[in-house]
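Here's the structure, in structure tokens; my notes come after.
The values are calculated or read from the model by the stated rules, or taken from the named source; none is laboratory data. This one's a predicted model, so the numbers in the text were calculated from it and none came from an experiment. Virtual Cβ from ideal backbone geometry, glycine too; neighbours counted across all protein chains shown. With ligands, DNA and RNA removed, areas are computed over all heavy atoms of the protein, side chains included. Shrake-Rupley method; radii C 1.70, N 1.55, O 1.52, S 1.80 Å.
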Amino acid sequence: MTFETILFYVLALAGIVSALLVITRRNPMHAALFLIVNFVALAGIYLTLHAQFVAITQVLVYAGAIMVLVLFVIMLLNLQNEQDLFEKRSWRSYSGPILSLLLLALLLRTVAFVSGGSFDRISPESERIGTVANIGQQLFTAFVFPFEMASLLLLAAMVGAVILAKKRFP
Amino acid sequence: MIESYIPIFLILAVAVVFGVVSANMSWLLGPQRPNRAKNSTYESGMEPVRTAHDRFSVKYYMVAVLFILFDIEVVFMYPWAVQYRNLGLYGFVEMVVFIGILLVGFVYVIKKGALQWD
């Protein structure tokens, strides 16, 4: 077993355990905090796959910024009596597991189709693709238009957030 | 390749071990004689009036959303900064356009007073 394989198994175990803790905690705050552990474990797995930029973004944006938003949303919703949510059986409590199983089937099918069912190696090309330098080169030459569109998307999100959150404009 | 990350994992391991050890050592070594006053939320402070699980103002959410949006802006600057010399003037103009569009949003947010804590 190489160092890389050991690292992968450790991170995968951390990811699975934290993901299970996310969906089993009764307190939504605890679930959100375990989600951060899950994000960090995922970032580590990205690093073992030589995707440095995705790993950095995972920590910086997901574990950092998105989780702040998730925590604020939990505080905004003010879930004082979480127990009631578990006792109510609506179509939501059934559609969640069904959709998750469908996603799992789709992922298994894709992985089996792409790699022929074996997970023992990653493409040697991937060592080059995921580096920050390569992503920068591609993003600012071949993918300039999507990059500039991203700024419009962020602008739209900014305007939307202001309009939704502010009731009265001065 | 992955071996070059060993220093980072070492720092992570040290951070985790330090946190776990120091938190548990104070629990292990310190005397534990709890009483009612000691266990109150603010020892020698005010009496808590109700639970901390309260509904928060949407202003916090506003700040968090704007933080994420500008955070993503900075994430795009990272590969740009790495490749800055290769891209030259073309890359510089691209980034100016990118920041210019977001600056419009920033001016809008300031003008609407969305960050004012009134």
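Below, the figures for the structure above:
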| item | result |
| --- | --- |
| Some residue of the stretch B:61-83 being more than 28 Å from A:Val40 (Cα to Cα) and of a type outside the set (Lys, Arg) | no |
| Selection count where residues are more than 7 Å from chain B (Cβ to nearest Cβ) and open to solvent by less than 40 Å² (accessible area, probe 1.4 Å), scope the stretch A:54-63 | 3 |
| Some residue of the stretch B:85-98 being part of a helix (DSSP H, G or I), more than 7 Å from chain A (Cβ to nearest Cβ), surrounded by 14 or more Cβ atoms within 10 Å (Cβ to Cβ) and of a type outside the set (A, V, I, L, M) | no |
| Subset tally (residues that are more than 7 Å from chain A (Cβ to nearest Cβ), within 23 Å of A:Ala157 (Cα to Cα) and charged (D, E, K, R)) for the stretch B:35-83 | 1 |
| Residue count for the stretch A:38-53, restricted to those that are open to solvent by less than 40 Å² (accessible area, probe 1.4 Å), part of a helix (DSSP H, G or I) and out of contact with any Asp or Glu (no Cβ under 7 Å at 6 or more places or on another chain) | 9 |
| Test: residue in the stretch B:21-34 that is closer than 30 Å to A:Val73 by Cβ and either over 26 Å from the mean Cα position of the chain (by Cα) or open to solvent by less than 80 Å² (accessible area, probe 1.4 Å) (or both) | yes |
| Some residue of the stretch B:101-113 being under 18 Å from A:Pro146 (Cα atoms) and within 8 Å of chain A (Cβ to nearest Cβ) | yes |
| Residue list for the stretch A:1-37, restricted to those being among the small types (Gly, Ala, Ser) and either open to solvent by less than 30 Å² (accessible area, probe 1.4 Å) or not assigned by TED's automatic domain parsing to the domain that holds A:Leu77 (or both) | A:Ala12, A:Gly15, A:Ser18, A:Ala31, A:Ala32 |
